[in-house]
Amino acid sequence: MPDSDQQPERRASPVSGLEGIRVLELGELVSAPFAGKLLADLGADVVKVEHSGGDCARRRGPFPGDIPHPEKSGTFLTLNTNKRGIELDLAAGAGQREFRRLLATADIVIHNFTPRKVEAFALEFDTLQPLRPSLVMCSITPFGMTGPYRDYRAEEITLVHGGGWAFQCPGASQVPDAPPLKPFGHQANLQAGLAGAMATLAAFYRARRSGVGEHIDLSTQSYIATILEAALPYYTYPGLVATRKGQRGLNPWGIYSCRDGLIFVATIEQDQWQRLVDLMGHPEWTALELFCDFPSRLANHDALRVFLGEWIAQWRVDELFHKGQAQRICFAPVLTMEQLAEQPHLQQRDYFQRVSHPVAAELTHLGAPYRLREPWWRIRRAAPTLGEHTVDEIAEDWRLGPLPKSKMNRAQAVGESGIDAIEPDRSHRTGPSSDSGLPLAGVRVADFTWVWAGPYCAMQLAHLGAEVIKCESLVRPDLGRRLAVYPPDTEPGLNRSGYFNQWNQGKKSISLNLGHPASIAVATELVARCDVIVENFATGVMDRLGLGYEALREVRPDLIYASISGYGDTGPLHHYMAYGPAVSPLAGLSSMTGYLGGPPQELGIALGDPAAGVTAAVAICAALVARQRSGQGQHIDVSLWEATAQLGVEGWMDYAMNGRNPERIGNRDPQMCPHGCFRCAGDDDWVTIACANEAEWVALCDVVDARLADDPRFASVENRRVHEDALEERISNWTTARDRWAITRELQAVGVAAFPSMSPRDLVEDPHLESRGLLERLDHPEVGRRVHAGIPWKLVNGPNGVRSPAPQLGAHTREVLGDVLGYSNETIDRLISDGVLE
């Protein structure tokens, strides 16, 4: 790139969001394209590099009228908005030279190539970084770039089962002999895309300050293993194997039939049950000891479901939804895509976006997964047509260089970065010393969160190196501390729940009783010394306390403030309550998830919580990058509903194109066949098998039964799908007597995607996850060394692994108030005696 004084003069307008950041996106289908889209929608200049023939998402569909067309695939169109696109043969010398030509001024490379393809295309980070020392590369692969399974073939079904999610799905199954169930769509790869975007932005934040690039080696299987709600701590604490079978510990909970549709209800605390009893008018059965508390309702769940079901069946869905919410009871309708489109709340929040494409015409897309006070997010262009742009065009644009600079950081001063840098004096100056080598070292976060969505967001920031200070109180402790996930023979205690200890790793904790008037001044002083605040209290609570965004930006103008709530801070339902499990029904995912011919199902985990948490973390990392350049803060309004609805992309595009809700097909696939989960020898042992093309089908036949290849019913994928029941029976006859790992090794050896459906015990004992460093065993003062799911990515220019176990309540109160706020011991003692710090 030419020196800055040789560059043509550019406009001097202020930058917005990720504007001017140059991203090369390599890969296909979902994970890398979704990560690229998240950056592009915030303003980054993302160039999609496709091979001849294009991303296979162009052949995935759904298509208008089910007629395949490479420019009309709903999956491709929705995952590639705001990008430019070029065709490049990376296997050829000329393609390699052209790629390096773009790399010379690129900031970020995101790909989902397998390790073998990375080697074949000479895309190893240690090969590319010398050409671009500040380069940030994110590799999103099924099992990571290292470890025993690194070269295993994988499809979506492989990863959602292999990461342990499907073993939990459907939640509280009424069909105990049915196989573990794949949730609708590409949920594993979408989640990996979110995590990849977050980690990439964090690494880029550091690269702009230091000139040091980074390689993020993200394993999709590992990431899915980190979002399993309480499944892992249930095994590593009390020794229980969580599964889709049995009943929820909290009742009532589940999907019920109304007069005109389905509704979900969950009561998480006893007072919510009492309000439900009030709403029902105190029928006689509610006074029975059978239903007096959570243990009793669990023991008598069958009777409870009958009584409650009879009452719910009298209602219309919308009527009960609003009546229940008026009583602060978590009801949520089980929506189809058509019903989702009709929701006034989403319409008023401008969630649906009309996008015009030169070939696919105008379609309605799902919109932003968050609302931003500084409005960076928008769809500026439709997905690119194949080869719409050229390398020369991109190279010329990027050669022109950055917008004018008012201040250069070290990276630009040595010519390492291709974008503008405006580093305000206050940015990055509030946190601890930034010598940890982690991407967010030096960033300080005030964590006003509880349960899962908020704590999960803040934990991601801690994993990335931020100093996260959890503000909590003994007066009203985090619900996560009170959930009964304890080691055997251990008395209950607020520091002993595996649930809390899983989702709060790497943080500090201070005791701060927000019910005491004097606490607000302490909280305000703390925020003034923080870069970020994360909160997920009910909408309006922080404002009423005097800790809302408008109040706190007065003391910290460049504050990044993330609010996570069920329905968002605005809209007609903003005051409604939502727990994570209610959001998959509300977002339409439950209506598309289920066994063939069966009813809608819960997804097995409370997906809304980690989905909203990591979505908020993406926006926070983007806001940190943007603040480096503009000095502006940001208010981020994350709705669990919208953050989860964005994950129904295939189903939504089928509705947008064809006016229909996708059918529930269990573990099957609209295109691949065979594609399923098959019983193996052993108690509740299953293996997934998927053939993506004819070569893999032939290889499968050679291993399973050569006669399958000669059967005319199975002569083509179209024939196989017509006769899928018969084909699955033949495969099941082969798998039933065999060990799932033996099947996996035999089929993987011939290039067929096969992998067990993993239980929590399997994950904790898995040698690959062990080799990747996912399984953390840190000493905790009250529960000892328990296995927790750690960090699903590995860095090359920073330390790996969780830095500290979850904190004891208030363990860092004196340290934080003394070191960060400068309080004397006498002042701290007085605040403790006054009840401010308790």
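The values are calculated or read from the model by the stated rules, or taken from the named source; none is laboratory data. Keep in mind that what you see is a predicted model, and the values were worked out from it rather than measured. Cβ atoms come from the backbone with ideal geometry, glycine included; neighbour counts cover every protein chain shown. Remember, those area values only see protein heavy atoms, side chains included, never the ligands or the DNA or RNA. Shrake-Rupley method; radii C 1.70, N 1.55, O 1.52, S 1.80 Å.
Express the Stokes-Einstein translational diffusion coefficient of the range 555-653 in µm² s⁻¹, to the nearest whole number, given a Kirkwood radius over alpha-carbon pairs, 10 °C and a viscosity of 1.306 mPa s. Translational diffusion coefficient: 108 µm²/s. Residue by residue, the range 164-174 carries 3J(HN,Hα) couplings of x, 5, 4, 4, 8, 10, x, x, 6, 4, 8 Hz when phi is fed to the Karplus relation 6.51 cos²θ - 1.76 cosθ + 1.60 (θ = phi - 60°); x denotes Gly or Pro. At q = 0.12, 0.14, 0.15, 0.20 Å⁻¹, what is the base-10 log of I(q)/I(0) for the range 176-275 according to the Debye formula with one equal point scatterer per Cα and no solvent? Please give it to two decimals. Each listed q maps to, in turn, -0.70, -0.86, -0.93, -1.18. Taking packing as the residue-averaged number of other Cβ atoms within 10 angstrom, the listed peptides 294-307, 466-479, 223-236, 683-696 run from highest to lowest as 223-236, 466-479, 683-696, 294-307.
Counting only Cβ charges, +1 for Lys and Arg and -1 for Asp and Glu, the dipole size of the range 80-133 around its Cα centre is about 140 debye. Two tests apply to each whole DSSP H helix in the chain, Cα reach of 24 Å or more along its axis and mean Kyte-Doolittle hydropathy of at least 0.5, and the ones passing both are 608-630.
Surface analysis of the chain yields an accessible area of 34 Å² per residue, using protein heavy atoms and a 1.4 Å probe. DSSP beta bridges confined to the chain are antiparallel in about 45 percent of cases.
If you wrap the range 703-746 in the convex hull of its Cα atoms and look at it from every side, the mean projected area works out to 3.2 nm². Note that the range 110-125 has calculated 3J(HN,Hα) couplings of 10, 8, 10, 6, 5, x, 5, 5, 4, 5, 5, 8, 6, 9, 4, 4 Hz, one per residue in order, obtained from phi through the Karplus relation 6.51 cos²θ - 1.76 cosθ + 1.60 (θ = phi - 60°); glycine and proline are x.
Fully extending the segment from Glu694 to Arg803 would add 34.6 nm, taking 0.36 nm per residue of separation and subtracting the current Cα-Cα distance.
Scaling against 2.2 N^0.38 Å puts the C-alpha radius of gyration of the chain at 0.92. Normalising by residue count, the range 311-358 has a Cα convex hull of 95 Å³ per residue. When all alpha carbon pairs of the range 110-268 are counted in 5 Å bins from zero, the resulting P(r) reads 2, 8, 13, 15, 15, 13, 10, 8, 6, 4, 3, 1, 0, 0 %. Rounded to the nearest 20 debye, the dipole magnitude of the range 730-838 is 800 debye, with +1 charges on Lys and Arg beta carbons, -1 on Asp and Glu beta carbons, and the Cα centre as origin. Across the range 268-390, the mean sequence separation of Cα contacts (distance under 8 Å, 6 or more residues apart), normalised by length, yields a relative contact order of 15 percent. Rounded to the nearest 20, the size of the Cβ-charge dipole of the chain about its Cα centre is 1060 debye, with Lys and Arg at +1 and Asp and Glu at -1. Measuring how big the range 50-198 is from its alpha-carbon positions, Rg and Dmax come out at 18.2, 57 Å.
Using a simple spin-label model with pseudo-atoms 7 Å out from Cα toward Cβ, His575 and Glu342 lie 2.6 nm apart.
For the range 703-838, pairs of C-alpha atoms spaced more than 20 angstrom apart make up 70 percent of the total. From largest to smallest, the equivalent ellipsoid semi-axes obtained for the range 761-838 from the alpha-carbon gyration tensor read 37, 16, 7 Å. With semi-axes defined as the square roots of five times the eigenvalues of the C-alpha gyration tensor, the equivalent ellipsoid of the range 618-663 measures 34, 11, 8 Å, largest first. For the range 447-527, the equivalent ellipsoid derived from the Cα gyration tensor has semi-axes of 23, 17, 9 Å, listed largest first. The mean sequence separation of alpha-carbon pairs under 8 Å and at least six residues apart, normalised by the residue count of the range 700-819, gives a relative contact order of 13 percent.
Percent of Cα pairs in the range 618-704 per distance bin of 10 Å, from zero to the largest separation: 13, 22, 22, 21, 15, 6, 0.
Each residue of the range 144-153 is assigned a 3J(HN,Hα), and the resulting list reads x, 7, 9, x, x, 9, 4, 9, 5, 5 Hz, derived from the Karplus form 6.51 cos²θ - 1.76 cosθ + 1.60 (θ = phi - 60°), x at Gly and Pro. Share of carbon and sulfur in the accessible area of the chain stands at 50%, probe radius 1.4 Å.
The Rg/Rh ratio for the range 720-783, using Cα coordinates for both the radius of gyration and the Kirkwood hydrodynamic radius, is 1.18. For the residue pairs Lys117/Lys794; Lys37/Lys72; Lys182/Lys470, alpha carbon separations beyond 23 Å are given by Lys182/Lys470.
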